[in-house]
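Remarks on the structure that follows.
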Amino acid sequence: PAGTYHSAYDTHAWMERFGDPGFLYHAASGRIGAAFALRLANAEVLPYDYVEFAQTMRRYLAPVERGLTQKGWSTTPVKSIATAITTLETAAKAWAAARDAALAAGVGATHTVAANTALLQVERSFARDRGLKSRPWYRTLIYASDVDNGYSSMVFPGVNEAIRYGTEAETNEEVADLVSRFEAAAKSLDAARAALAAKR
């Protein structure tokens with residue numbers, strides 16, 4: 001449906017007549033979601049692309065550096081995050097090569113289970129139990145809605161909120177936490193690689 005995002009008239013009748021006659025877009029969305037679920041469920045090894053993830057994270061450093069500069073604070077923390085992202089990217093490239101080789105050679109279920117368990121830890125590395133300082137219900141340190149505008153998103157929310165509303169010391173604490181999480185994620189990728197490389 002062209003141009004309609006939300007409407008005060010989002011009833012079944014409105015959707016049937018105007019929003020999505022025949023519910024074709026609804027059905028297509030369901031098929032796409034099912035395809036994603038099947039891809040995850042049928043994969044021997046979880047199909048995550050951590051090389052792309054690391055490269056995307058690197059692109060998010062410029063706004064952090066701008067925020068630090070605008071406050072007149074040291075931009076050294078950006079270098080710490082960049083180094084941790086490079087560590088993650090290096091581990092991700094090694095993981096991708098090991099995964100591709102193992103899958104091509106045929107790998108046993110014991111090894112894929114161990115690798116997938118390690119991959120789950122990569123995702124968990126970026127979640128903080130106590131959540132964000134401003135919103136403890138947001139646990140991820142990678143993305144959250146913007147605290148000032150729930151409609152838009154914020155990358156590295158702990159760091160960026162500390163830059164916006166905290167002190168330089170609080171910002172450095174958030175940076176140190178984020179850096180440790182990138183490093184933990186890299187170690188989990190190394191563990192996944194080791195699981196696949198173990199004697200078959």
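The values are calculated or read from the model by the stated rules, or taken from the named source; none is laboratory data. From a predicted model like this one, the values you see are computed outputs, not experimental measurements. Quick reminder, even Gly has a Cβ in these numbers, built from the backbone with ideal geometry, and neighbours come from all protein chains shown.
In this structure, does ALA102 turn out to be surrounded by 17 or more Cβ atoms within 10 Å (Cβ to Cβ), touching a residue at least 40 places away in the same chain (Cβ under 8 Å) and of a type outside the set (S, T, N, Q)?
The answer is yes for ALA102.
Which members of the range 105-125 meet the condition of being surrounded by fewer than 17 Cβ atoms within 10 Å (Cβ to Cβ) and either touching a His at 6+ places or on another chain (Cβ under 9 Å) or under 30 Å from PRO63 (Cβ atoms) (or both)?
LEU120, GLN121, GLU123, ARG124
Report every pair of residues separated by at least 6 positions or lying on different chains whose Cβ atoms are under 6 Å apart, first residue within the range 19-39 and under 16 Å from HIS6 (Cα atoms), second of a type outside the set (Ser, Thr, Tyr) and part of a helix (DSSP H, G or I).
Between residues of the range 19-39 that are under 16 Å from HIS6 (Cα atoms) and residues that are of a type outside the set (Ser, Thr, Tyr) and part of a helix (DSSP H, G or I), the close pairs are ASP20/HIS26.
Checking LEU40 against (1) in contact with a Pro (Cβ under 9 Å, 6 or more places away or on another chain); (2) over 23 Å from ALA185 (Cα atoms); (3) at pLDDT below 95, which test does it fail?
Looking at each condition in turn, LEU40 falls short on (2).
Filter the range 139-165 down to residues that are surrounded by fewer than 18 Cβ atoms within 10 Å (Cβ to Cβ), charged (D, E, K, R) and without any contact (Cβ under 8 Å) to a residue 60 or more places away in the chain and give me whichever is nearest to TYR60 (Cα to Cα).
ASP146
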